[in-house]
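Peer 1: If you scroll down you'll find the structure; I have some questions about it.
The values are calculated or read from the model by the stated rules, or taken from the named source; none is laboratory data. Since the structure is predicted, the reported quantities are computational estimates derived from the model, not experimental observations. Here the Cβ is made from the backbone with ideal geometry for all residues, glycine too, and neighbour counts use every protein chain on show. To get the accessible areas, we keep the full protein, side chains included, count just its heavy atoms, and leave off ligands, DNA and RNA. Shrake-Rupley method; radii C 1.70, N 1.55, O 1.52, S 1.80 Å.
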Amino acid sequence: MTEPKPAAGPPSRSGVRRFGDRYQDLIAWSAAMRVIQRGSPFDQLGIEVNGTGNVDDVILRSCRGRHHYIQVKWTTRPADVVDNEYLTNMPKNGKSVLQKFYASWKLLLRRDDQPPIMELVTNRSLDRADPLLSLIDGRSDLLNPAARDASPASPAGQRINEWALHLECDRDDVLAMLDSLLFKTGLTVSGEEDRAQTLMLANGLLGDADALARGISAVTDWVLDGRRVLSSDDITKEVERMRLHADDPRAVLLVQAINRDPHPDDATIALDWVDLYEGDSPSTRRCPRDPGDWATMSHDIDRAVSSITAQGFTDIVVRGAMRQATFFTVGARLAQVTGTTISYVQHGTPWPSNAPRVPVPAPEVSITTVDAGHELAVAVGMAVNPTLAVTRFINAVNLPVQILLTLMPAEGAHDQSVAGPGEAVAYAQALRNAVREQLESTSADRVHLFLAGPGGLALLLGHRWNRVAPTVVYEDLGPGRGYVAAFTVAA
């Protein structure tokens, strides 16, 4: 069912902008980008549309499936969490958050052709100690089926009973509502900005900070002007008016290695390896529990690249939480020599592989003699000098290495050594060329590669890693813990 455009009237918000409003407008701009994305299931964007209950902040209407109703909740206090108190607290003369979702769910069930998908979108973190909320599945953001499987006598089951009393409904009604309620928590401004920029690049638009700011301002104008419903054509016209078009549409390859992305549906192809890793947080996930899973992940990358290529894409935006070896390998499988162009949003700035190079000083080269074989080890130290740690590892595991070649910025390693995309392209070229030159003199038939620097640089380096010997790329296990062989790149 298509939402009719509401009658014109005065805007619902004043011209005084709050940061929470900007957060909502950012979410709405990303939603607008989803509507015009190639192959999108959505054909209409709604913003604060009447008649949808309390889930009216952002609405994505589907042309062939369930509609998404997004309620955005911003807090200025980072310590605030989504817990039972937050969901059930009854303000004076008002309804609790949970009551609002339940009333909206019942309203939309009567009105729409299919059950709604409701989303609680917030920068609040989730209370992982709550017996029920701790069961939210990180892959789906849903409480079900875990809530349905909880026995009534269990702590989670008792919480469901409490919610039923709070909502004055049956337990089965609570469980049915939870089939439709997604908890998207801990969504930071920077993370949502990166998402919006990725979607802009995927649509062939400019994706820099200025273009994003113009997009968010457009949403603000729509709201203040009382413009509540926009079709795909409407959004496309707005994009053209703002002159945001830059290129053809791109594919989005999402690699969820050490943490899950809150918006996997944005991607053309999404890989999810989080459950393969040891550790219960991104900072502790460094290698899979089973060493054989490196091969599984390598195969997944190959299949993803083949699928994207089969869809006719030659420009790909890479997104996701991963470590150095994974960045490098993804870049290598999307090699420049295949005619592919790749991009990555590095701390709010798109780094495309075809960015005009900005000259950088030649990397500083140092050689450590090992004499344990005829292969070449390479340590790229853009953020830190890894020579000592890599040398210890080579000796500890008896790698058949003749020398260790360390490459660092001329001014020394630090966390701001790569200033932007042009410098990243130049460094990728210079680092690869330095390895090529060393191979001319050592004639090694294998390279062992260790990386320390920005993920975007590792991606672009892998992308240009041609005419180099077959390369084993290593993942850092943390200070004092050495490295592990992760992927092999046939260059």
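Peer 1: Would you check if Arg260 is among the basic types (Lys, Arg), more than 26 Å from His68 (Cα to Cα) and open to solvent by 40 Å² or more (accessible area, probe 1.4 Å)?
Peer 2: no
Peer 1: Please specify each residue of region 110-145 satisfying the condition of being part of a helix (DSSP H, G or I) and modelled with pLDDT of 95 or more.
Peer 2: Leu133, Ser134, Leu135
Peer 1: Within region 56-71, identify whether any single residue is touching a Phe, Trp or Tyr at 6+ places or on another chain (Cβ under 7 Å) and touching a residue at least 60 places away in the same chain (Cβ under 8 Å), and answer yes or no.
Peer 2: No, every residue in region 56-71 fails to be touching a Phe, Trp or Tyr at 6+ places or on another chain (Cβ under 7 Å) and touching a residue at least 60 places away in the same chain (Cβ under 8 Å).
Yes or no, residue by residue, for (1) surrounded by fewer than 21 Cβ atoms within 10 Å (Cβ to Cβ); (2) of a type in the set (A, V, I, L, M, F, W, C); (3) within 23 Å of Leu45 (Cβ to Cβ):
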{"site": "Gly191", "(1), (2), (3)": "yes, no, yes"}
{"site": "Ala196", "(1), (2), (3)": "no, yes, yes"}
{"site": "Asn203", "(1), (2), (3)": "no, no, yes"}
{"site": "Ser217", "(1), (2), (3)": "yes, no, yes"}
{"site": "Trp222", "(1), (2), (3)": "no, yes, yes"}
{"site": "Arg227", "(1), (2), (3)": "yes, no, yes"}
{"site": "Ala251", "(1), (2), (3)": "no, yes, yes"}
{"site": "Asp266", "(1), (2), (3)": "no, no, yes"}
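Peer 1: If I filter region 154-170 down to residues being part of a helix (DSSP H, G or I) and open to solvent by 80 Å² or more (accessible area, probe 1.4 Å), which single residue comes out as farthest from Asn89 (Cα to Cα)?
Peer 2: Pro155
Peer 1: Kindly indicate which of Ala372, Ala377 is surrounded by 22 or more Cβ atoms within 10 Å (Cβ to Cβ) and either touching a Ser or Thr at 6+ places or on another chain (Cβ under 7 Å) or not in a helix (DSSP H, G or I) (or both).
Peer 2: Only one candidate passes the filter, namely Ala377.
Peer 1: Listed residues Ser190, Ser151; which is among the hydroxyl-bearing types (Ser, Thr, Tyr) and either in a loop (DSSP other than H, G, I, E, B) or within 23 Å of Gly51 (Cβ to Cβ) (or both)?
Peer 2: After applying the criteria, what remains is Ser151.
Peer 1: Restricting the search to region 372-412, which residues are closer than 13 Å to Thr442 by Cβ and in contact with a strand residue (DSSP E or B) (Cβ under 6 Å, 6 or more places away or on another chain)?
Peer 2: Matches in region 372-412: Gly373, His374, Glu375, Leu376, Ala377, Val378, Pro400, Val401, Ile403, Leu404, Leu405.
Peer 1: Within region 16-62, restricting attention to residues that are basic (Lys, Arg) and assigned to a helix (DSSP H, G or I), which residue is most open to solvent (accessible area, probe 1.4 Å)?
Peer 2: Per the stated criteria, the residue is Arg22.
Peer 1: Return only the number of the condition from (1) within 26 Å of the chain's Cα centre (by Cα); (2) under 30 Å from Asp275 (Cα atoms); (3) touching a residue at least 40 places away in the same chain (Cβ under 8 Å) that Leu178 does not satisfy.
Peer 2: Condition not satisfied by Leu178: (3).
Peer 1: Out of all the residues in region 281-299, is one or more touching a Lys or Arg at 6+ places or on another chain (Cβ under 6 Å) and buried (at least 21 other Cβ atoms within 10 Å of the Cβ)?
Peer 2: No, that holds for no residue.
Peer 1: Only one of (1) in contact with a helix residue (DSSP H, G or I) (Cβ under 7 Å, 6 or more places away or on another chain); (2) in a helix (DSSP H, G or I); (3) more than 16 Å from Gln336 (Cα to Cα) fails for Leu407. Which number is that?
Peer 2: Failed condition: (2).
Peer 1: Would you be able to tell me the number of residues in region 460-479 that are surrounded by fewer than 18 Cβ atoms within 10 Å (Cβ to Cβ) and of a type in the set (S, T, N, Q)?
Peer 2: Going through region 460-479 one residue at a time, the tally reaches 1.
Peer 1: Right, here's the next one. Mind listing just one residue for me: the one in region 303-319 that is under 25 Å from Tyr277 (Cα atoms) and within 20 Å of the chain's Cα centre (by Cα) and, of those, most open to solvent (accessible area, probe 1.4 Å)?
Peer 2: Ranking the qualifying residues of region 303-319, first place goes to Arg303.
Peer 1: Output the number of residues of region 414-429 satisfying the condition of being modelled with pLDDT of 95 or more, surrounded by 18 or more Cβ atoms within 10 Å (Cβ to Cβ) and out of contact with any His (no Cβ under 8 Å at 6 or more places or on another chain).
Peer 2: Number of matching residues: 7.
Peer 1: Which residue pairs have Cβ atoms under 9 Å apart, sit 6 or more places apart or on different chains, and have a first residue in region 235-257 that is free of Cβ contacts under 8 Å to residues at least 24 places away in the same chain and a second that is part of a loop (DSSP other than H, G, I, E, B) and open to solvent by 10 Å² or more (accessible area, probe 1.4 Å)?
Peer 2: Correct list of pairs: Arg243/Leu206.
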